[in-house]
Amino acid sequence: MSHKAKNKANKANDIVASKTKNKAKKKAHTYGIVGLGRFGYALAMELVASGAELLVLDKDEEKVRQLREYTENAFVVKNLDKKSLAETGIQNCDVAVVCISEQMDISILTTLNLVGLGIPTVVAKAAAAEHGEILEKLGAEVVYPERDMAIRLAHRMEASKMLDFIQLSEQLNISKLIIPDKIVGKTVQTVNFRGEFGVNIIAIESSRKLIETVGPDYTFQKGDIVFISGSKTGLSRLSEWSEKG
């Protein structure tokens, strides 16, 4: 084979490899949901809406039947032992979510079995701190839906200008805030949220357009909504300052 032909062949192979690699990157995650209570059902519907591949399990035949309209992988499972779980194929999912918290013993055992099946990520819903500690020790990522919703609601009630609040960790939170009139016409650099409150602007929604890259020279407009990240303390100080005239 000539040098020129070899170069063409190598180039063709590189293109094929690149396409294969990109295709692998775009592969959608598959999710397994165990328990179709209010939380589990709502989570399933959100994942369906996002186009994710889904597998759902519950002991209630009617709930499973409803989900079969959206996924073929909906199974009635009365016993959540390791063998029964494996028979559904949930071990092939990228993420499994245990949406059972009312019955702590079943939640813990199911989480243990899913971790034991080698699923890369197991997320478990906890009803209390002690419950969550056990689930974490088993190797699960723990969520507290009721607590998180209460935190968000409390922050919204405390500050009239705060539209939403999401706690990602003890140190990192995200807030959605209507800017106060006193900074309208001022630039990001002049207001200096980072220096004054230790928080960072992620994006700004202005005139129904989202600005994802906000420079120091951006001038705040009336009605702007800012998405800010920072500590709970910093965001609380910013909220209190916003409320003052």
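Some points to look at:
- Helices (runs of 4 or more DSSP H) wholly inside the range 138-227 that include at least 2 residues being at pLDDT below 85, of a type in the set (K, R) and not assigned by TED's automatic domain parsing to the domain that holds L112: 145-158
- If the condition is being in contact with a strand residue (DSSP E or B) (Cβ under 7 Å, 6 or more places away or on another chain), assigned to a helix (DSSP H, G or I) and not charged (D, E, K, R), then the range 47-91 contributes L47, V48, V64, L67, T88, I90.
- Among the residues making up the range 111-137, those that are in contact (Cβ under 8 Å) with a residue 24 or more places away in the chain and either in a loop (DSSP other than H, G, I, E, B) or of a type in the set (D, E, K, R) (or both) are L117, G118, I119, P120, K125, A126, A127.
- On inspection, T121 fails the criterion of being hydroxyl-bearing (S, T, Y), over 27 Å from G32 (Cα atoms) and modelled with pLDDT of 55 or more.
- Restricting attention to the range 194-223, the residues that are out of contact with any Phe, Trp or Tyr (no Cβ under 9 Å at 6 or more places or on another chain) and touching a residue at least 24 places away in the same chain (Cβ under 8 Å) total 11.
- Subset tally (residues that are buried (at least 18 other Cβ atoms within 10 Å of the Cβ) and touching a residue at least 60 places away in the same chain (Cβ under 8 Å)) for the range 224-235: 1
- Scanning the range 84-112 for residues that are in contact with a helix residue (DSSP H, G or I) (Cβ under 7 Å, 6 or more places away or on another chain) and over 18 Å from L36 (Cβ atoms) turns up M104, I108.
- Residue that is farthest from V184 (Cα to Cα) [pool: residues in the range 206-218 that are over 21 Å from the mean Cα position of the chain (by Cα) and of a type outside the set (G, A, S)]: T213
- Restricted to the range 45-66, and to residues there that are farther than 21 Å from S84 by Cα and not acidic (D, E), the residue that is surrounded by the most Cβ atoms within 10 Å (Cβ to Cβ) is L47.
- Test: residue in the range 90-108 that is farther than 21 Å from Y41 by Cα and surrounded by 14 or more Cβ atoms within 10 Å (Cβ to Cβ): no
- The listed residue being in the same structural domain as R38 (by TED's automatic domain parsing), at pLDDT below 95 and in a loop (DSSP other than H, G, I, E, B), out of I100, I106: I100
The values are calculated or read from the model by the stated rules, or taken from the named source; none is laboratory data. For clarity, every value in this text was computed on a predicted model and none was experimentally measured. With ideal geometry, Cβ positions are generated from the backbone for all residues, glycine too; neighbour counts draw on all protein chains shown.
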